[in-house]
Amino acid sequence: LSNRTAIGWEQMQSQYEIRDHDFSRNGFSTDGLRRFLRERATVSVPDIFQRLQDYYRRFTIFRTQEAPSLLALWTMGTYVHSVFRWFPYLWLNSPDRRCGKSTLMERIGGVAFNSTGITVNQSESWLFREVSANSATMMLDEVDNLRNSDRERHGAVMAILNGGFNKDSVVNRSD
């Protein structure tokens, strides 16, 4: 819940209407989530960390050996980001076109918390509403291209991003 408390599946069903039963925005199956909650399963953080590192190494060749560890830790952090005042962005750069950046983004989007999947040409309003409504892990591609094509929109998007890593930042709007 937004007040940083957790409730069980039964309590959630009795208090909230669940409109999307397939939970398609994350990489988990409905049955898997129900089994996890029903069995009160435990997880091994070191095991998840290792499995994420291996997952990233399977799909990408990295220039440094630390990169898969960084990605694994950051991915795990997307699930608990709300407990931190600041949470860093992951900014991916590539030395050349067609070297695997989008493939890596797809892999990250498959395991990060509530991922939007890769999005391009984001508007300021979508960015604001998506974060506010879904606490999503945003996979923004081609943001730099806005700099040359639409300076005003690029400035507005960057302003939200520049404050968005800090829990105390506020984007004021009126209806």
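The values are calculated or read from the model by the stated rules, or taken from the named source; none is laboratory data. Fair warning: this is a prediction, and the values are worked out from it, not measured in the lab. Side chains included, ligands, DNA and RNA excluded: accessible areas come from the protein's heavy atoms. Shrake-Rupley method; radii C 1.70, N 1.55, O 1.52, S 1.80 Å.
Quick rundown of the values:
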item: Amide H contacts of MET139 (H built 1.01 Å from N, under 5 Å, at least 5 apart or other chain); result: THR116, GLY117, THR119
item: Solvent-accessible surface (1.4 angstrom probe) belonging to ASP54, in square angstrom, nearest 10; result: 70 Å²
item: Accessible surface of GLU66 - all protein chains present, 1.4 Å probe, nearest 10 Å²; result: 110 Å²
item: Contour excess over end-to-end distance, with Cα ends at SER135 and SER82 and 0.36 nm allotted per residue; result: 18.2 nm
item: Solvent exposure, largest accessible area first (probe 1.4 Å, DNA, RNA and ligands not counted), of ARG35, ARG97, ARG58; result: ARG97, ARG58, ARG35
